[in-house]
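Below: one structure, written as C-alpha cells.
A short reminder: the numbers here are calculations on the coordinates, not readings from a lab. Treat the numbers as computed from the prediction; the structure is a model and nothing was measured. Note: ideal-geometry Cβ built from the backbone for every residue, glycine included; neighbour counts use all protein chains shown.
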Amino acid sequence: MASPVNGIKNFKVVLLGEGCVGKTSLVLRYVEDKFNNNHLQTIQASFLNKKINIDGKRLNLAIWDTAGQEKFHALGPIYYRSSNGAVLVYDITDEKSFQQVKTWVKELRKMLGKDVCLIIVGNKIDLEKDRHVSLEEAEDYANKVGAVHFQTSAKLNQGVEDMFLVLSKNMLSIN
Ligand code: GDP
Ligand code: MG
C-alpha cells in the first residue's frame with residue numbers, strides 16, 4: 001500500500017467508531033473543509049483522497065469512511081485490511097463510544113499487528129460542558145496501547161488538520 005508511485009507514497013487510512021461520533025464530519029472537514037449539522041449518511045465514494053507534502057515527501061492519503069455499517073456491527077476485516085493508519089473516533093459526551101474504541105483497538109492490534117498507526121480521537125470538544133470521558137483517562141489508555149490521543153471539533157475545525165498531520169508523520173516514520 002505504501003509503495004511509492006511517481007515518488008508519491010500511498011497510505012490507506014480508515015475511520016472507525018460508533019455511529020454518530022463524527023467520523024464522516026472529520027473526513028469532510030479535513031478533505032473539503034465543510035461541516036454539516038445533520039447526520040451525514042456517508043460520503044459518495046468509499047474513500048476520499050487527500051494529497052499532502054511533509055518534509056519534501058509527497059503523500060496521498062486514501063481516507064476510508066464507513067457507509068454506516070457500524071450501526072449493525074457489520075464492519076469487518078475487508079474494510080480495514082492493509083490499512084497503514086486508523087483513526088478511532090469517540091464522542092467526548094458519550095462514554096459508551098469510548099468503550100467501543102477499546103474494542104476496535106484490540107481487534108486492529110490482533111488483525112494488523114504493530115505496523116498500523118493508531119490515533120484515538122475524542123471529537124465534539126465544542127460540547128465540553130457535557131463531557132463524559134476525561135482527557136486523562138483517554139490519554140492514559142492511548143499511552144498504554146501505543147496510540148496517540150487527540151481531541152477535535154469537526155464543527156469548529158479544531159485539531160482536525162493536526163491530527164491527520166501527526167498520523168501521516170507516524171505512518172511515514174515506519175514506511
Ligand atoms: P458518523 O456517524 O460517525 O459518521 O457521524 P457524523 O459525521 O454523521 O456526525 C453525526 C452528528 O454529529 C451530526 O449531526 C454532526 O453534525 C455532529 N457532529 C460531528 N462532529 C461534531 C463536532 O465536532 N461537534 C458537534 N457539536 N457536533 C458534531
Ligand atoms: Mg458516517
message = Which one, ASN38, ASN49, ASN60, has the greatest fluctuation when you compute a Gaussian network model over the chain with C-alpha springs under 10 angstrom?
response = ASN38
query = Ordered by residue, what ³J(HN,Hα) values in Hz, to whole numbers, does region 150-161 give under the Karplus form 6.51 cos²θ - 1.76 cosθ + 1.60, where θ = phi - 60° and Gly and Pro are x?
reply = 9, 10, 9, 9, 5, 5, 8, 6, 10, x, 5, 5
query = What residue among ASP55, ASP91, ASP65 shows peak mean-square fluctuation when the chain is described by a Gaussian network model with Cα springs under 10 Å?
reply = ASP55
request  = Please pull out the direction-averaged projected area of region 76-175, using the convex hull of its alpha-carbon atoms, in nm² to one decimal place.
outcome  = 6.2
query = At what distance in nm do the modelled label points of ASN36 and ASN49 sit from each other, each positioned 7 Å from its Cα along Cα→Cβ?
reply = 2.3
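Report, in listed order, any pair from LYS23/LYS50; LYS71/LYS96; LYS9/LYS106 with a Cα-Cα distance greater than 25 Å.
Details: LYS23/LYS50 16 Å; LYS71/LYS96 13 Å; LYS9/LYS106 27 Å.
Cα-Cα > 25 Å for LYS9/LYS106; rest within.
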ask   = Counting only residues 5 or more places away or on other chains, whose amide H sits under 5 Å from the amide H of ASN10 once H atoms are built in the peptide plane?
value = SER3, VAL5, ASN60
request  = Choose one answer from ILE78, ILE52, ILE119: the residue with the largest mean-square fluctuation in a GNM of the chain with alpha-carbon springs under 10 Å.
outcome  = ILE78
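Label the chain by shape, choosing from rounded, prolate and oblate, from the square roots a ≥ b ≥ c of the eigenvalues of the Cα gyration tensor; if a/c is under 1.5 it is rounded, and otherwise prolate applies when a/b is larger than b/c, oblate when it is not.
rounded
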inquiry  = Can you show me the helix-derived [θ] at 222 nm for the chain, built from DSSP H runs with n ≥ 4 at -39,500 (n - 2.57) apiece and divided by the number of residues, rounded to the nearest 500.
reply    = -10000 deg cm²/dmol
